[in-house]
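Remarks on the structure that follows.
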Amino acid sequence: MTQRVALATVMDRLAVDAVITGYAVAVDDGAWSDYGALFTPDGRADYRGAGGVEGPADEIARWLEETMRLFPVRQHLIVNRRIDLEDLGGYTGDRAEVRADYLNPMCLARKAASGSDADAPGGAGSGQAGGATPDFVTGGRYTFELHRAEQGWLIRTVTVHEKWRRTPGA
């Protein structure tokens, strides 16, 4: 492998990693247009392994937007990322697979006793100092398939494989 190929491989790995980080940030921040922009035009997401739905990324973004209203405070941690780039005889190709574990603590939406929104910025559920502890925590593994497009690496598919969860009262 030449230095030029090695550098291209490192750059591809960093770019793929940035897409995965962008995915977590988009979901946590409720940035659904950013979420959709991470996918190829035919991109799909499969959340059935965590009790959700499967479909085109734009439909899944709308489903997530509605579902995540239950959890105004969430923090995706995507770790142990294993990035496998397509190998074309020592050169990286235009496809990549990422398997990565996740931990996802979330706080349920609540109304304060006074009737004010406890999940407003700075409220009891905001995750800021004095905020609530997570009510719902899940862990598992993502499998991402990415393709290189003209604008860079994009997600073609993401599949969630939930391994465990802790729910309120558990």
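Using Cα centres only, tell me the gap between region 82-113 and region 145-170 in whole Å. Cα centroid to Cα centroid, the span is 5 Å.
Tell me the angle of helix 57-67 to the major Cα principal axis of the chain, expressed in degrees between 0 and 90 and rounded to the nearest ten. Value to nearest ten degrees: 20. Against the main long axis of the alpha-carbon atoms of the chain, helix 3-29 sits at an angle near 20°. Normalised per residue, the accessible area of region 25-119 is 55 Å², obtained with a 1.4 Å probe and no contribution from ligands, DNA or RNA. From the Kirkwood radius over Cα pairs of region 1-64, Stokes-Einstein at 37 °C and 0.692 mPa s returns a whole-number translational diffusion coefficient of 249 µm²/s.
Neighbours of Y91, meaning other residues whose beta-carbon lies under 12 angstrom from its beta-carbon, give a summed charge of -3 when Lys and Arg score +1 and Asp and Glu score -1. Calculated [222 nm] ellipticity per residue, helices only, for the chain: -8500 deg cm²/dmol; basis is -39500 (n - 2.57) per DSSP H run with n ≥ 4, divided by all residues, nearest 500. The Cα trace of the chain gives Rg and Dmax of 18.1, 66 Å, the first to one decimal, the second as a whole number.
Per-residue Karplus couplings for region 89-94, computed as 6.51 cos²θ - 1.76 cosθ + 1.60 with θ equal to phi - 60°, are listed in order as x, x, 10, 6, x, 10 Hz, Gly and Pro entered as x.
The values are calculated or read from the model by the stated rules, or taken from the named source; none is laboratory data. Just so it is clear, the model here is predicted, and its values are computed rather than measured. Virtual Cβ from ideal backbone geometry, glycine too; neighbours counted across all protein chains shown. The area values use the complete protein model at the heavy-atom level, side chains included, leaving out ligands, DNA and RNA. Shrake-Rupley method; radii C 1.70, N 1.55, O 1.52, S 1.80 Å.
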